[in-house]
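Below: one structure, written as structure tokens.
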Amino acid sequence: MLRALAYWAMLQRSQWYGVDKLLKIQDRRIRKLLNHAVKEVEFYRKLYSSTTISEDDSGLELLNRSPAVTRKMLAETPLEKRTANSVNLNKTLKRTTAGSTGIPIAVLETKSSAAYWVALYLRRLWA
């Protein structure tokens with residue numbers, strides 16, 4: 001619960017940031033996410049193999065050049081190939097989407113990701 005409250009406090013502070021600061025945070029997080037995906041996850045490493053990541057590119061430019069991921073692609077790829085090498089599978093909880101589009105997708109939830117979702121719910125509750 002402490003982790004959720006820490007995330008909630010961060011979300012509460014960030015709602016007052018200016019546009020420039022938010023864009024810098026967004027850019028940094030997109031670049032970090034794409035770098036992590038390429039280094040740690042087989043599925044994304046193969047998908048983004050043709051995308052060159054340059055220090056000069058913004059996160060949004062990298063996203064625009066990267067191939068889109070579809071539900072079908074996720075459904076056809078085993079969960080293990082969509083999971084970062086550094087993730088301890090024994091410390092995750094497997095969740096499955098409802099499949100309302102006809103394709104249910106399995107994802108893994110960590111304590112950290114669950115805490116972030118709680119923080120988002122709390123922020124919405126008190127908005």
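The values are calculated or read from the model by the stated rules, or taken from the named source; none is laboratory data. Bear in mind that the values here come from a model prediction, so they are computed numbers and not experimental data. Neighbour counts run over all protein chains shown; Cβ positions are idealised from the backbone, glycine included.
Restricting to region 98-127, and then to whatever is small (Gly, Ala, Ser) and touching a residue at least 12 places away in the same chain (Cβ under 8 Å), can you tell me which residue is surrounded by the fewest Cβ atoms within 10 Å (Cβ to Cβ)? Steps first, answer last, please.
Within region 98-127, the first condition is being small (Gly, Ala, Ser), and the residues that meet it are 98-100, 102, 106, 112-115, 119, 127.
Those still in the list that are touching a residue at least 12 places away in the same chain (Cβ under 8 Å) too: 106, 112, 114-115, 119.
Details: ALA106: 13, SER112: 10, ALA114: 15, ALA115: 18, ALA119: 20.
Filtering region 98-127 for residues that are small (Gly, Ala, Ser) and touching a residue at least 12 places away in the same chain (Cβ under 8 Å), the one surrounded by the fewest Cβ atoms within 10 Å (Cβ to Cβ) comes out as SER112.
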Among what's in region 76-127 and is closer than 25 Å to LYS32 by Cα and among the small types (Gly, Ala, Ser), pick the residue that is nearest to the chain's Cα centre (by Cα). SER113
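If you go through region 38-52, how many residues are assigned to a helix (DSSP H, G or I) and either in contact with a helix residue (DSSP H, G or I) (Cβ under 7 Å, 6 or more places away or on another chain) or surrounded by 13 or more Cβ atoms within 10 Å (Cβ to Cβ) (or both)?
Step one: filter region 38-52 for residues assigned to a helix (DSSP H, G or I), giving 38-40, 42-47.
Filter again for either in contact with a helix residue (DSSP H, G or I) (Cβ under 7 Å, 6 or more places away or on another chain) or surrounded by 13 or more Cβ atoms within 10 Å (Cβ to Cβ) (or both), leaving 38, 40, 42-45, 47.
So the answer is 7.
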Hey, among the residues in region 17-37 that are within 10 Å of the chain's Cα centre (by Cα) and surrounded by 14 or more Cβ atoms within 10 Å (Cβ to Cβ), which one's nearest to GLY59 (Cα to Cα)? ILE30
Can you name the residue in region 53-75 that is in a loop (DSSP other than H, G, I, E, B) and under 17 Å from the mean Cα position of the chain (by Cα) and, of all such residues, is modelled with the lowest pLDDT? SER66
I'd like to know if region 24-46 contains one or more residues that are modelled with pLDDT under 90 and farther than 21 Å from SER86 by Cα. no
